[in-house]
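Some notes on the structure that comes next.
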Amino acid sequence: MSAIRIGIVGFGKIARDQHLPALNDNPAYELVAVASPSRVPDSLPHYTSMTAMLDAVPEMDAVALCVPPAVRYGLASEALARGCHVLLEKPPGATLAEVGELERQARVADRTLFASWHSRHAPAVAPAREWLKSRRIIGVDIEWKEDVCVWHPGQDWIWEPGGMGVFDPGINALSIATAILDEPFFFREGVLAVPDNRQAPIAADLGFASAAGYPVNAAFDFRQQGPQIWDIHIETDGGKLTLSKGGSQLLVDGELQLEAPEQEYPGLYQRFAELIGRGEHDVDASPLRHVADAFLLGRRVIVDPFHWQRD
Ligand code: NAP
């Protein structure tokens, strides 16, 4: 099969940090161009919009949409209509309705739509799922706490409606939980802490319950100083499993079982190529559904204003 000609749309932090190297290292792809309003890549053709890029390179096979979620639907819809396979960065859209409609459009256009969840490709996620299969779960505790100034410097869109605030990283934990827990779980109650001068939460304490009744609790916080925490603890009748460091470590009863280098984006692009080769889609909106439910049912409290400058 000839290489998939692909363009990156939105050349921000994640495109530069992860998409660019993953594409350059994967011979299944030929990275042809970048579309981004103001950021210009060093050595690739650059266009200020996706429309201009697809006009100039009509033979483009696929696009990777690395833009903020609020603008993703229009771009994905246009790319599908113009015959491109589409990879959506997480979260796949600003609303669930958009994501459902994009899936319909992809089927009509007979193009692959991949709603990617990079954290699901972390090395310990699949082994954790296997380990859990033969055990009964008693409870799940998720702790996802990072410093927004370190990981999202100056990204004002994250505080706007549709930007999701602390759910932008928190949804990664939910993408792992929905991948490794066999049972469905449902949002029951929780608190969203919204800064006085912003639209989206800076922290959230969330209580879910599984269909069988075990608790799935999650604490997300954007104000974390010192060590950053991306951990999921699962108490079972056969010991306590911990997925640590975003899914790159697996521990059982505190003993390290597996640690592997981060390979999330190479895995994600391998999956996209497989889906294109098989003419399939992968559009799982369940992590976004949990976020939407938390916004529907969660109680809001107003907290101190947030400013980017730190003392
Ligand atoms: P970012 O640094 O703010 O980058 C977003 C880029 O999108 C900007 O460079 C902006 O372009 C571009 N853009 C905005 N509207 C556009 C449009 N209509 N057409 C083309 N480009 C447009 O944000 P990010 O951190 O990369 O995040 C982007 C997405 O990736 C988010 O959904 C986020 O959840 C996800 N993600 C981020 C991380 C992370 O650690 N940052 C990790 C995994 C996933 P210009 O700068 O050229 O104006």
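So what are the ³J(HN,Hα) numbers for the stretch 268-282, from phi and the Karplus equation (6.51, -1.76, 1.60; θ = phi - 60°), rounded to whole Hz, Gly and Pro as x?
Listing the rounded values in order: 5, 6, 5, 5, 4, 5, 4, 4, 4, x, 8, x, 10, 10, 9 Hz.
Counting helices only, and only those DSSP H runs with n ≥ 4, report the 222 nm mean residue ellipticity of the chain as the sum of -39,500 (n - 2.57) divided by its residues, in deg cm²/dmol to the nearest 500.
Working: 9 runs with 90 residues, N = 311.
Taking each H run of at least 4 residues, the total per residue is -8500 deg cm²/dmol.
Considering the chain, what Rg and Dmax in Å follow from its alpha-carbon atoms?
Considering the chain through its Cα atoms, Rg and Dmax are 19.5, 59 Å.
Going by amide H atoms built from the backbone, whose H comes under 5 Å of the H on SER210, apart from near neighbours?
PHE186, VAL216
Could you work out the local net charge near PRO287, counting Lys and Arg as +1, Asp and Glu as -1, over the other residues with Cβ closer than 14 Å to its Cβ? Intermediate results must be reported in sequence, preceding the final value.
Working: positive: LYS90, ARG120, ARG289; negative: GLU89, ASP168, ASP282, ASP284, ASP293.
Net local charge, PRO287 excluded: -2.
How charged is the neighbourhood of LEU256? Take every other residue with its Cβ under 14 Å from the Cβ of LEU256, and add Lys/Arg as +1 and Asp/Glu as -1.
Values: positive: LYS240, LYS245; negative: ASP231, ASP253, GLU255, GLU259.
Result for the neighbourhood of LEU256: -2.
Quick check for me: using +1 on Lys/Arg Cβ and -1 on Asp/Glu Cβ, what's the dipole size of the stretch 65-147 about its Cα centre, in debye to the nearest 20? Spell out each step's value before the answer.
Values: 12 positive and 11 negative charges, 81 e Å.
That gives a dipole near 380 debye.
Counting pairs of alpha carbon atoms under 8 Å apart in space and at least six apart in sequence, what relative contact order in percent does the chain give? Before the final figure, lay out each step's value.
Details: 652 pairs, mean separation 59.6, N = 311.
Relative contact order comes out at 19 percent.
Which cross-chain or sequence-distant (5 or more) residues have an amide H under 5 Å from the amide H of GLY139, H modelled 1.01 Å from N in plane?
It is GLU235, by chain and number.
With the dipole of the stretch 81-171 worked out from charges on the C-beta (+1 for Lys and Arg, -1 for Asp and Glu) around the Cα centre, which of ALA115, ALA126, GLY163 lies farthest toward the positive end?
Positive-most Cα among the choices belongs to ALA126.
Ignoring any ligand, DNA or RNA, what whole percent of the accessible area of the stretch 12-72 comes from carbon and sulfur when the probe is 1.4 angstrom? Please report the intermediate quantities before stating the final value.
Numbers: 1440 of 2840 Å².
Using a 1.4 Å probe with all protein chains present, the stretch 12-72 comes out at 51 percent carbon and sulfur.
Using θ = phi - 60° and the Karplus relation 6.51 cos²θ - 1.76 cosθ + 1.60, list the HN-Hα couplings for the stretch 57-64 in order, rounded to whole Hz, with x at every Gly or Pro.
These are the phi-based 3J(HN,Hα) values: 10, x, 7, 4, 8, 8, 10, 10 Hz.
Using the Cα centre of the stretch 4-115 as the reference point, and only Cβ charges (+1 on K/R, -1 on D/E), how large is the resulting charge dipole? Debye, rounded to the nearest 20. Don't skip to the answer; put the middle values down first.
Working: 10 positive and 13 negative charges, 43 e Å.
So the magnitude is around 200 debye.
If you project the alpha carbons of the stretch 65-212 onto the principal axes, what extent comes out on each, in Å, largest first?
Cα spread of the stretch 65-212 along its principal axes, largest to smallest: 48, 43, 28 Å.
Eight or more residues apart or on different chains, and alpha-carbon atoms under 23 Å: count the Lys pairs in the chain matching that.
Number of lysine pairs found: 9.
Which of GLN225, ILE302, ALA260 sits closest to the plus end of the dipole of the chain, meaning its Cα is farthest towards the positive end, when Lys and Arg get +1 and Asp and Glu get -1 on the C-beta?
After comparing all options, I get ILE302.
May I ask you to give the solvent-accessible area per residue for the chain, in square angstrom, as obtained with a 1.4 angstrom probe?
Details: 13670 Å² over 311 residues.
For the chain, the per-residue accessible area is 44 Å².
Write down Rg/Rh for the stretch 4-115, rounded to two decimals, with Rg from the C-alpha atoms and Rh from the Kirkwood relation over Cα pairs. Numbers along the way, then the final one.
Values: Rg = 12.8 Å, Rh = 13.8 Å.
Reported Rg/Rh (Cα atoms, Kirkwood Rh): 0.93.
Out of all DSSP beta bridges with both ends in the chain, state the antiparallel percent to the nearest 5. Mind dumping the intermediate values first?
Details: 37 of 68 bridges.
Looking only at bridges with both residues in the chain, the antiparallel portion is about 55 percent.
Placing unit charges on C-beta atoms (Lys and Arg positive, Asp and Glu negative, everything else neutral), compute the dipole magnitude of the chain about its Cα centre in debye, rounded to 20.
Values: 27 positive and 42 negative charges, 77 e Å.
Dipole size: approximately 360 debye.
Go through the stretch 79-94 residue by residue and turn each phi into a ³J(HN,Hα) via Karplus (6.51, -1.76, 1.60, θ = phi - 60°); whole Hz please, and just put x for glycine and proline.
So the J values, rounded to whole Hz, are 5, 5, 4, 8, x, 9, 6, 10, 9, 9, 4, 7, x, x, x, 7.
The values are calculated or read from the model by the stated rules, or taken from the named source; none is laboratory data. Predicted model, so just to flag it, every value in this text is computed and none were measured. As a convention, Cβ positions derive from the backbone with ideal geometry for all residues, glycine included, and neighbour counts pool all protein chains shown. Surface areas here come from the heavy atoms of the whole protein model, side chains and all, with no ligands, DNA or RNA. Shrake-Rupley method; radii C 1.70, N 1.55, O 1.52, S 1.80 Å.
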